[in-house]
Each structure stands twice: as structure tokens, then as C-alpha cells.
Amino acid sequence: MRKQRTTRAVFETLESRKMLSHSSGDGSRIPPLPNPPTAIDQAAFALATADLATVQTDKTAVHNDSESVEAAVKAALTTAPVMTAQAALDAAIATAKPLIKADRVAIHADRIAVHDAREAVEAAEKAALTTAPVMTAQAALSAAKATAEPLIQADRAAIRAVDKKDEPAVDAAEHQLRVDTRNAAAASVIAADQAALTAAQTTLSTDLAAAKAQLATDEAPVEAAEAAVQAAINADPGVVAAQAALTSAQAKLTADKAQLTTDEAPVEAAEAAVQAAINADPGVIAAKMMLASDQTALTAAQAQFQTDLAAYIADLKAGI
């Protein structure tokens, strides 16, 4: 039970209100007849007026149907099938309530435990930074960075030089392709432009390959040293213990959430059974069918009114 439950299910009985909610506005103002009106005007006006009367009649029917549905649902609550289902729901709630309460208490405690365990992991990792294995790995990382820094700077300078040399050709080829495409140049011209662009892009990619490969080579020792530092931290006994405690706390939280779902399931099933019993009641079925039928008629009447109203207005504008 993820939210407070009452001893009665919440029944979905107000479909009609939803249906009525979009039927209140019909653009139902019919312009007055001109003076003097033509026979066509009078006929179109009469047709729109009759349509509007039908719409209002259908609206009244839908409103009455919605009240009939509510009355049928209320009556169904006193029938044997619904009362039996309701009794089962009450029993399910009574059984599940203490279980669910205990589950929520456990989950609350679990969340606190997970939070504390995360903080313990952070503290252990901070403490590990002062241990000999981590400090040794950190010193190796610092040395790797010192060695690699000038090499990496040179690699990046080489990449920038290639970009500076080759990118103007790529830009020029892209520009020419855009111009010729915009000007609807011949297909052969477009094909040549595309070939020139592909060639310029290939040259740029080829010229960059060696510089990028060298950059990757020169960065590799730093990345390896960084991984070694992290591995030394992860291997610290304090970190290992703290991480294990966090994993255990997270597992317990997951298990207790699953237990809550399990303990809620019988109540949810019993609620669904109550609703199913209401929906199966003959009076409810008949009331809903009538509502659906009248709503269909209302929708059709509204559409017909809009069509005939538009025709009448068009006649007025045309001065027929």
C-alpha cells in the first residue's frame, strides 16, 4: 500500500464526467438572420437551429446517463458479489497492514544504512590515500605525467598544424557543394563537388592519423598510472570492508522493497476484484452502455451542428 488506503476501494465510476468535459463548448452562437432573409438563409438557419437543439438534448441525456452510472455503481455496492469481494478486501487489508508497516520501517532503516555506508566508503578511500601502496602508485602517476606532458603538448601541436593545413580545403569543398546545390547545378557538377569534398576529408583524416596515434601512445602511460592508483585504493583493506558493507546494505534495501511489493500484492488484487465485481454488475453494465451510446450520439450531433453552422455562415457571407 504505497498510499493510505481506506476500507473501501476507489471506484472508477465517473467516466461520464470525462466525456462531458469536452462537450460543453460547441461554438453554439448562431448568427441572426439578415433582414430581409432569403429562403436559403431561412433554411440554413432552421437547420443549424435544429442541430443545436439536438445537441442540447443529447447533452442532457449524457448528463442523466452519468448520474445513472453513479447510481448503478452505488446500488452495486450492496449486491452479494460486490459485498463478498469487499469483505475479502477488508480481510486482505487487515492481514497486510502490519506487514506493510514493518516493511516501511525496514526500508527507512535500510536507506539510512546505505547512506551511512556510502559515507564510510568515502572516508575509507580518503584514508587509503595516505597508505604506502597508494602513495607509491601516486608517485608513479606524478612521474608519468611529468614525462608525458611535453610529449602530449607536442602531439596536440602537431594535430593543430594538420588541421590548419588541411581544413581550409575541406571548408572550401563544403562551400562549393552548398553553392552548387542551392543553384541547382547539374548532377555531374554535384558529383564532382562531392568527390572533391570526400578527397579533402580523406586527406585530413589520413594526415591526422599518425599524430593522433602518437598522442594515444604518449597518453597511455598516464592512463595506466591513473588506473594503478585507483586499483591501489580499491585494494585497501579498509576500502574493501567498507565497500562490502555498502553492497550488503544495498542488497537489504532491495530485498525489503521487494517484500513490500509482495505484501501489497494481495490488497491490490482484492481491490481489483472489487472493481471487477462492480463492473460486472448488470445494472452498471446497462448504465454504461447507455452512456456510451448517448455520448456517441452527442459527438455526431456536435459534428453535424458545426457543419451546418459553417454552411449557414458561408451563405451569409456570400449574400445568397
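The values are calculated or read from the model by the stated rules, or taken from the named source; none is laboratory data. Since we're looking at a predicted model, the values are computed, not measured. Heads up, the Cβs are rebuilt from the backbone with ideal geometry, glycines too, and the neighbour counts pull from every protein chain shown.
Cβ separations smaller than 7 Å between residues 6+ apart or across chains give the following pairs from segment 74-85 residues that are closer than 13 Å to ALA276 by Cα to residues that are small (Gly, Ala, Ser) and in a helix (DSSP H, G or I): ALA76/GLY283; PRO81/ALA277; VAL82/ALA76; VAL82/ALA277; ALA85/ALA273; ALA85/ALA277. Which of the residues that make up segment 91-133 are more than 30 Å from LEU253 (Cβ to Cβ) and surrounded by 14 or more Cβ atoms within 10 Å (Cβ to Cβ)? THR131, PRO133 - these are the residues of segment 91-133 that are more than 30 Å from LEU253 (Cβ to Cβ) and surrounded by 14 or more Cβ atoms within 10 Å (Cβ to Cβ). For beta carbons closer than 8 Å, sequence separation of 6+ or different chains, a first residue in segment 48-64 that is on the phi > 0 side of the Ramachandran plot and a second that is surrounded by 14 or more Cβ atoms within 10 Å (Cβ to Cβ) and modelled with pLDDT under 95, there are no qualifying pairs. Note on segment 202-246: among residues that are acidic (Asp, Glu) and assigned to a helix (DSSP H, G or I), the one that is nearest to ALA158 (Cα to Cα) is ASP207. How do the pairs read when you match residues in segment 97-110 that are at pLDDT 95 or above with residues anywhere that are surrounded by fewer than 17 Cβ atoms within 10 Å (Cβ to Cβ) and charged (D, E, K, R), using Cβ under 6 Å and keeping only pairs 6 or more apart or on different chains? Pairs found: ASP110/LYS252.
The listed residues are ILE313, ILE278, and the only one of them that is under 30 Å from ALA88 (Cα atoms) and out of contact with any Gly (no Cβ under 8 Å at 6 or more places or on another chain) turns out to be ILE278.
One residue alone among ALA258, ALA276 is among the small types (Gly, Ala, Ser) and free of Cβ contacts under 8 Å to residues at least 40 places away in the same chain, and that residue is ALA258.
Here ASP256, ASP315, ASP263, ASP294 are screened, and the one residue that is at pLDDT below 95, buried (at least 17 other Cβ atoms within 10 Å of the Cβ) and out of contact with any Pro (no Cβ under 9 Å at 6 or more places or on another chain) is ASP315. Being buried (at least 17 other Cβ atoms within 10 Å of the Cβ) and either on the phi > 0 side of the Ramachandran plot or out of contact with any Gly (no Cβ under 9 Å at 6 or more places or on another chain) (or both) is a property that holds for VAL162.
Within segment 165-184, the residues that satisfy the criterion of being crowded, with 16+ Cβ neighbours inside 10 Å, over 30 Å from ASP218 (Cβ atoms) and not acidic (Asp, Glu) are ALA173, GLN176, LEU177. Scan segment 111-120 and give yes if some residue there is in contact with a Lys or Arg (Cβ under 7 Å, 6 or more places away or on another chain) and among the acidic types (Asp, Glu), otherwise no. Among the residues of segment 111-120, not one is in contact with a Lys or Arg (Cβ under 7 Å, 6 or more places away or on another chain) and among the acidic types (Asp, Glu), which makes the answer no.
Look at (1) surrounded by fewer than 18 Cβ atoms within 10 Å (Cβ to Cβ); (2) in contact with a helix residue (DSSP H, G or I) (Cβ under 9 Å, 6 or more places away or on another chain); (3) β-branched (Val, Ile, Thr) and you find that VAL82 fails only one, number (1).
Within segment 185-204, the set of residues being among the polar types (S, T, N, Q), without any contact (Cβ under 8 Å) to a residue 24 or more places away in the chain and surrounded by 13 or more Cβ atoms within 10 Å (Cβ to Cβ) comprises GLN194 only.
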